[in-house]
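J.: Have a look at the structure that comes next, please.
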Amino acid sequence: MICFPNAKINVGLHILSKRKDGYHNLETLLYPIGLRDALEIIPTRTGDTEQEQGKAMRSTQGESVTTAEHRFYQTGLPLKGAVEENLVIKALQQVRERRSVPPIDIHLLKKIPSGAGLGGGSSDGAFMLRLLNDLFQLQFTEEELIQMAATLGADAPFFIVNRPVLATGIGDQLEPVNLDLSGYFLLLVKPNIEVSTTAAYSMITPSTPDVSIREIICQSVSEWKQTVKNDFEPYIFKKYPSIARIKKQLYDMGALYASMSGSGSSVYAIFEEEPKWRESFQGCFTWCNNPL
């Protein structure tokens, strides 16, 4: 069974306060976008020999790891860190603590860049929970899946519901909102910079905004430039001026609204008409949707 974990963008992001547990209370609107990875799980064939397993691993480009309970193959964009720390594997561990799951082969094709503020790792983990639940008919409720996803990362619960929401608390309290950007062109630009979320939070001074995102989001997109803010931007732009230049370039191209997503490094822009972007942003990862 295969699924396609999607990325997200943040429409506004306010860091309200630091909690005693070390996390931060925040307010942000999370919106799913069409940039996707591919994730497939297949029950391991009984009777596979070690020779067949080795052959399968050698024939796969990318990273491969085999254990008694799963074989993991990752291709596409490279990932840093140990495979055991991948949220797909952590999601599998969460499920196996609660249900019996037979040995499986896992294939992950990465198209969502890391260190970009797009939630790619969290999406992979949340979709893994959903995929296991569907394939093996484990009968977890949506609320149970959300609770397991919360152990993977603050934004992972969002990918269980995977619709526009206002996220509060540490990002785990989700309230559906009525926002539809499908008629716009959305251009995403990620420079060759990875921003550590932990490092980004260490730079920021929490504060209470004059107007909440819940109120601001009722405005038209053309008004967002003046009102919808990402609290990380002043700190990240100071450390990485090239990210600030990308945002300015997007506005120079005619964007209605442009913002860094999450703690960066990606910047997205919303256009009424498709911009001429294909020759721009050399050396950056770029993606543009195709609105219906």
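Just so it is clear, none of the values below were taken in a lab; they were calculated from the coordinates. This one's a predicted model, so the numbers in the text were calculated from it and none came from an experiment. Note that each Cβ is placed from the backbone with ideal geometry, even for glycine, and that neighbours are counted across all protein chains shown.
J.: Using a basic spin-label model with each label point 7 Å from the Cα along Cα→Cβ, how many nm lie between Lys20 and Glu142?
T.: 3.3 nm
J.: Could you list log10 I(q)/I(0) for region 211-267 at q = 0.26, 0.29 Å⁻¹, which the Debye formula gives when each Cα is one point scatterer?
T.: Once normalised to I(0) and log-transformed, intensities are -1.10, -1.21.
J.: Okay, next question. So which trypsin sites (Lys or Arg not before Pro) in region 77-182 are both in a DSSP loop and have at most 10 other Cβ atoms within 10 Å of their Cβ?
T.: When the trypsin sites (Lys or Arg not before Pro) of region 77-182 are filtered for loop state and at most 10 Cβ neighbours within 10 Å, Lys80 remain.
J.: Note the angle between two axes, namely the Cα long axis of helix 87-96 and the longest principal axis of the Cα atoms of the chain, as a number of degrees from 0 to 90, rounded to the nearest 10.
T.: 50 degrees
J.: Tell me, what is the FRET efficiency for Met253 and Asp134 to the nearest 0.05, using R0 = 41 angstrom and their Cβ-Cβ distance as r?
T.: Efficiency, from the Cβ-Cβ distance: 0.50.
J.: Relative to the longest principal axis of the C-alpha atoms of the chain, give the angle of the C-alpha long axis of helix 241-252, reported between 0 and 90° and rounded to the nearest 10°.
T.: 70 degrees
J.: Follow-up question, since we're still on this one. Once the Cα atoms of helix 120-135 and of the chain are each reduced to a long axis, what angle between those two axes, in degrees from 0 to 90 to the nearest 10, is obtained?
T.: Approximately 40 degrees, to the nearest 10.
J.: Can you tell me the FRET efficiency between Thr205 and Thr75 if r is taken as the Cβ-Cβ distance and R0 is 35 Å, rounded to the nearest 0.05?
T.: It comes out at approximately 0.30.
J.: Now a separate question. Label-point separation (nm) for Glu273 and Ser182, each offset 7 Å from Cα along Cα-to-Cβ?
T.: 2.4 nm
J.: Size of region 187-292 along its principal axes in angstrom, Cα-based, largest extent first?
T.: 38, 33, 22
J.: Which parts of region 6-42 would a label at Thr66 reach, counting a residue when its backbone N lies under 20 Å from a point 7 Å out along Cα-to-Cβ?
T.: Only 40-42 fall inside the zone, counting backbone N under 20 Å.
J.: If you filter region 55-156 for GluC sites (Glu not before Pro), then keep DSSP loop positions with at most 14 other Cβ within 10 Å, what is left?
T.: Glu69, Glu97
J.: Also: Where Lys and Arg each count +1 and Asp and Glu each count -1, what net charge lies around Leu256 among other residues with Cβ under 12 Å from its Cβ?
T.: -2
J.: Extending each Cα 7 Å along its Cβ direction at Gln282 and Ile42, get the distance between those two points in nm, one decimal.
T.: For the pair Gln282/Ile42, the computed spacing is 4.2 nm.
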